[in-house]
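Undergrad: Pasting in a structure now, in structure tokens, and then I'll have a few things to ask.
The values are calculated or read from the model by the stated rules, or taken from the named source; none is laboratory data. Everything quoted here is computed from the prediction, not taken from an experiment. Note: ideal-geometry Cβ built from the backbone for every residue, glycine included; neighbour counts use all protein chains shown.
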Amino acid sequence: MTSNKPYLLRALNEWILDNDQTPHIIVDINANDIEVPEQAIQDGKLVLNIAPQATRDLVLGNDAITFQARFAGAPFNIFLPLDAVMAIYARENGQGMMFAHGKEQVASGEGIEPPSKQDKAGSHLKLIK
């Protein structure tokens, strides 16, 4: 059976946008084959705004996410294999979903906070099998 991750990403992105929120994704910067500008990585984390206003030619494909965005005023082509995407959430309220790394299982959650604000003691989310 194919991965459910690309379908969930597309559905959650649409849901976030339909509710007038701003979709962000959290990316594993150690994943293979990611193409992002170095200045986008802050404190060892990569959080990207994928709202229509922030991207151009966004494609949430079955194998990768691709789009063009501006960083420091310069356009940059972004390539993210789906394995690199760790979560999608709404910036305004943290609603979204975290994905179990390297597996087809997902953990859903309420109040996902960007990595810089997460509690060091661990996530309040739990893996659903």
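Undergrad: Within segment 41-57, how many residues turn out to be exposed (fewer than 12 other Cβ atoms within 10 Å of the Cβ), outside any loop (DSSP other than H, G, I, E, B) and touching a residue at least 40 places away in the same chain (Cβ under 8 Å)?
TA: Summing the residues that are exposed (fewer than 12 other Cβ atoms within 10 Å of the Cβ), outside any loop (DSSP other than H, G, I, E, B) and touching a residue at least 40 places away in the same chain (Cβ under 8 Å) in segment 41-57 gives 1.
Undergrad: Which residue out of Ala87, Ala74 is closer than 19 Å to Leu9 by Cα and of a type in the set (Gly, Ala, Ser)?
TA: Being closer than 19 Å to Leu9 by Cα and of a type in the set (Gly, Ala, Ser) holds for just one of Ala87, Ala74, which is Ala87.
Undergrad: Could you grab me the full set of residues in segment 58-84 that are among the β-branched types (Val, Ile, Thr), surrounded by fewer than 17 Cβ atoms within 10 Å (Cβ to Cβ) and out of contact with any Asp or Glu (no Cβ under 8 Å at 6 or more places or on another chain)?
TA: Of everything in segment 58-84, just one residue is among the β-branched types (Val, Ile, Thr), surrounded by fewer than 17 Cβ atoms within 10 Å (Cβ to Cβ) and out of contact with any Asp or Glu (no Cβ under 8 Å at 6 or more places or on another chain), namely Val59.
Undergrad: Report yes if His124 is assigned to a loop (DSSP other than H, G, I, E, B), within 15 Å of the chain's Cα centre (by Cα) and modelled with pLDDT under 95, otherwise no.
TA: Numbers: assigned to a loop (DSSP other than H, G, I, E, B): yes; within 15 Å of the chain's Cα centre (by Cα): no; modelled with pLDDT under 95: yes.
For His124, the condition - assigned to a loop (DSSP other than H, G, I, E, B), within 15 Å of the chain's Cα centre (by Cα) and modelled with pLDDT under 95 - is not met.
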